[in-house]
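The values are calculated or read from the model by the stated rules, or taken from the named source; none is laboratory data. Remember, predicted model here, so these are calculated numbers, not experimental data. Because the Cβ atoms are built from the backbone with ideal geometry, glycine has one as well, and the counts that use them run over all protein chains shown. For accessibility, only protein heavy atoms count, side chains too; no ligands or nucleic acids. Shrake-Rupley method; radii C 1.70, N 1.55, O 1.52, S 1.80 Å.
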Amino acid sequence: MSEDLFKRLVSHCKEYGFIYPSSEVYEGLNGVYDYGPMGVELKNNIKEYWWKAMVQMHDNIVGLDSAIFMHPKIWKASGHVDAFNDPLVDNKDSKKRFRADVLIETEIDKMLAKADKEVEKAAKRFGETFDEKMYRETNPRVMEYIQKAEATEKRLANALKLGDMADLKALIDELEITEPDTGSRNWTEVRQFNLMFSTQMSNTGDDGKLYLRPETAQGIFVNFLNVQKTTRQKIPFGIAQIGKAFRNEIVARQFIFRMREFEQMEMQYFVRPGTEMEWYAYWKEKRMAWHRAVTPAEKLRFKDHDNLAHYANAAVDVQFEFPFGFKELEGIHSRTDFDLSSHSELSGKKMQYFDPELNEHYTPYVVETSVGCDRMFLTVLSNALVDETVPDAKGEDSTRTVLRIAPALAPVKCAVLPLLRNNEELVGKAREVYDSIKLHFLCQYDEKDAVGRRYRRQDAIGTPYCVTIDHETLENGTVTIRERDSMLQERIAIEDIARIVLDRVDMAKIL
Ligand code: ATP
């Protein structure tokens, strides 16, 4: 999907009530979005899909809904106060802000793209005899691009690890990176920028400063013993949570990919020290399978972290091929005992587990899976939005826009349409049918415009089934049911609608 189609996706979201810019009447608020009537349904279904896969399918994973406000010391212990920074650089001419690491990564991508272009050209020149691997390993120009990219990547990772802002600035200068819109190379020094939002709570002592949580994980860590004791879980066990997180991103862009207020679906899995790598491998596989059930395999890949966070001993991203390239959709991290130990130290409360099999106390290690609900939403829509040519009622070519969303995730499951709106009998029957099935799943009743246009409207929001009430319905109690993707119609009895649709939209199909 190209950048153009991405623009189409953004406008489609607005037009059909999936996503609106926040505070639009006041010119919007950067990096913040509101989910409309279709958006909230799709988002809820994505959450349900995740919750079922994690909590319902694992008898040793339980849920939690911790508060957004937490004691400020939590963020000291977690390392967020001191280290949750991104490197910020301003362009003095355009006055725009950038993440220094993103500017450098974009430059690396360009180097690799140049190498790919050379390979592509050679492939055309040599035809069938072309050996890509050998060409990449021997062609001087390709090797130069790749080596430069790799050396830059290494230096970037090292500078980020050491917090060496001066070296990031040196890289920007050496690579002659220009401001994308203006071409200016007039950059400020690079400095650390903390991503946490803060607010004030009265009567808490000190200065009353609180942070809006930048991740949901810490609510799980500080409740580890509460949950373990009240549910009598034995290690290994997990705690899952879905909730809002807030980050003052330096550059919030690419629609809902990078927002300042977003939602995370996180699970912390507590394990015996020394077994974390086995569980890390287990969760990598499990999470990839979850994604593959709704996303084509070739659009997903793993990317190991070059630059491990302060708490991790292994980390990998599940990347999805968004319209703007492969980017992180989910992070899987082996977080060691860093968080529990830090909270234990700062709070003075032991956060250990007694393992009855080993007959000893220890601080569990943690493997976490963390997926952004909004990024998953964007993934589902990027996969689904299709413009296609189909025959219209007269058999002539017409275009339709269809969201091929997995039926289990689709916002509306079934639309009920009387063939004619000015026929009382048809309308009455359609209302009756609608009332009888709306108990089971979300339905829409629609009588406006010709039936073909109504089908198109439902296609555009991804409704998998449309039921049409026609004259035959009045005679023999049957309706046509039309399937979104194939557009095929069957005749079924009114009494069978709920059962048939329920069966086909069942989430068990993708779990
Ligand atoms: P990135 O490198 O893209 O900034 P991250 O590595 O900081 O992401 P994590 O801290 O691992 O992200 O957060 C876990 C998940 O939360 C991410 O995989 C992503 O899906 C989601 N997420 C993180 N930041 C944002 C954001 N600003 N907007 C939307 N989703 C986000």
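Some values worked out for this structure:
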| item | result |
| --- | --- |
| For the stretch 85-194, accessible area per residue (1.4 Å probe, heavy atoms of protein chains only), Å² | 62 |
| Diffusion constant of the stretch 51-118 at 4 °C, which comes from Stokes-Einstein with the Kirkwood Cα-pair radius and 1.567 mPa s, µm²/s | 76 |
| Kirkwood-based shape ratio for the stretch 121-163, expressed as Rg/Rh from alpha carbons | 1.24 |
| For the stretch 131-193, radius of gyration divided by Kirkwood radius, i.e. Rg to Rh on alpha-carbons | 1.11 |
| Whole-percent carbon and sulfur share, accessible surface of the stretch 216-354, 1.4 Å | 47 |
| Extension gain from VAL390 to LYS133, taking 0.36 nm per residue of separation minus the Cα-Cα distance | 88.3 nm |
| Length released on extending from ASP485 to ARG97, taking residue separation times 0.36 nm less the Cα-Cα span | 135.3 nm |
| THR399 versus ALA493: modelled label distance in nm, points set 7 Å from Cα along the beta carbon direction | 4.4 |
| For the stretch 247-304, the spread of Cα positions along each principal axis, largest first, Å | 39, 29, 19 |
| Overall Cα dimensions of the stretch 87-201, principal axis frame, Å, largest first | 69, 30, 28 |
| Long-range amide H partners of MET196 with built H, under 5 Å | ASN248 |
| Residue-wise HN-Hα coupling along the stretch 491-504, computed from phi with Karplus coefficients 6.51, -1.76, 1.60 (Hz; x: Gly, Pro) | 9, 9, 7, 3, 4, 8, 4, 4, 5, 5, 5, 3, 5, 7 |
| C-alpha center-to-center spacing [the stretch 293-340, the stretch 237-272] in angstrom | 13 |
| Relative compactness, the stretch 1-61, computed as alpha-carbon Rg over 2.2 N^0.38 Å | 1.49 |
| Length-normalised contact order of the chain in % [C-alpha pairs under 8 Å, at least 6 apart] | 14 |
| Solvent-accessible surface ranking, highest first, for MET487, MET277, MET57 at 1.4 angstrom | MET57, MET277, MET487 |
| D_trans [Stokes-Einstein, Kirkwood Rh over alpha-carbon pairs] for the stretch 331-436, 25 °C, 0.890 mPa s, µm² s⁻¹ | 120 |
| Hits among lysines - C-alpha to C-alpha of LYS349 under 17 Å, sequence gap 8 or more where chains match | LYS73, LYS76, LYS229 |
| 5 angstrom amide H check on ILE61, placed H, neighbours 5+ away | GLY238 |
| Computed FRET value (nearest 0.05) for ASP65 with SER202, which takes r as the C-beta separation and R₀ as 22 Å | 0.35 |
| Proximal lysines to LYS299, defined as alpha-carbon separation beneath 24 angstrom and excluding residues fewer than eight positions away on the same chain | LYS7, LYS43, LYS47, LYS52, LYS110, LYS114, LYS117, LYS133, LYS284, LYS286, LYS327, LYS509 |
| ³J(HN,Hα) computed for each position of the stretch 163-180 - Karplus, 6.51 cos²θ - 1.76 cosθ + 1.60, integer Hz, glycine/proline x | x, 8, 5, 5, 6, 4, 5, 4, 4, 4, 5, 4, 7, 6, 6, 10, 5, x |
| For the stretch 406-509: Kirkwood Rh in Å [reciprocal of mean 1/r, alpha carbons] | 13.4 |
| Cα shape, the stretch 273-414, gyration tensor, a/c 1.5 rule | prolate |
| Sum of -39500 (n - 2.57) over DSSP H runs of 4+, divided by residues of the chain (222 nm, nearest 500) | -12000 deg cm²/dmol |
| Loop sites in the stretch 1-97: GluC sites (Glu not before Pro), DSSP, at most 11 other Cβ within 10 Å | GLU27 |
| Within the accessible area of the stretch 21-115 (1.4 Å probe), percent carbon and sulfur | 54 |
| Nearby lysines by direct alpha-carbon distance to LYS95 (threshold 20 angstrom, same-chain neighbours under 8 apart not counted) | LYS169 |
| Unit charges on C-beta of K, R, D, E only; dipole of the chain, Debye | 500 |
| Calculated on alpha-carbon atoms, Rg and Dmax of the chain in Å | 26.6, 80 |
| Inter-centroid distance (Cα atoms) of the stretch 11-84 relative to the stretch 422-492, Å | 33 |
| Where trypsin sites (Lys or Arg not before Pro) fall in DSSP loop in the stretch 323-400, at most 13 other Cβ within 10 Å | LYS349, LYS350, LYS394 |
| Fully extended contour minus Cα-Cα distance, from THR106 to PHE126, at 0.36 nm per residue | 4.2 nm |
| ³J(HN,Hα) computed for each position of the stretch 46-58 - Karplus, 6.51 cos²θ - 1.76 cosθ + 1.60, integer Hz, glycine/proline x | 5, 5, 5, 4, 5, 4, 5, 5, 8, 7, 5, 8, 10 |
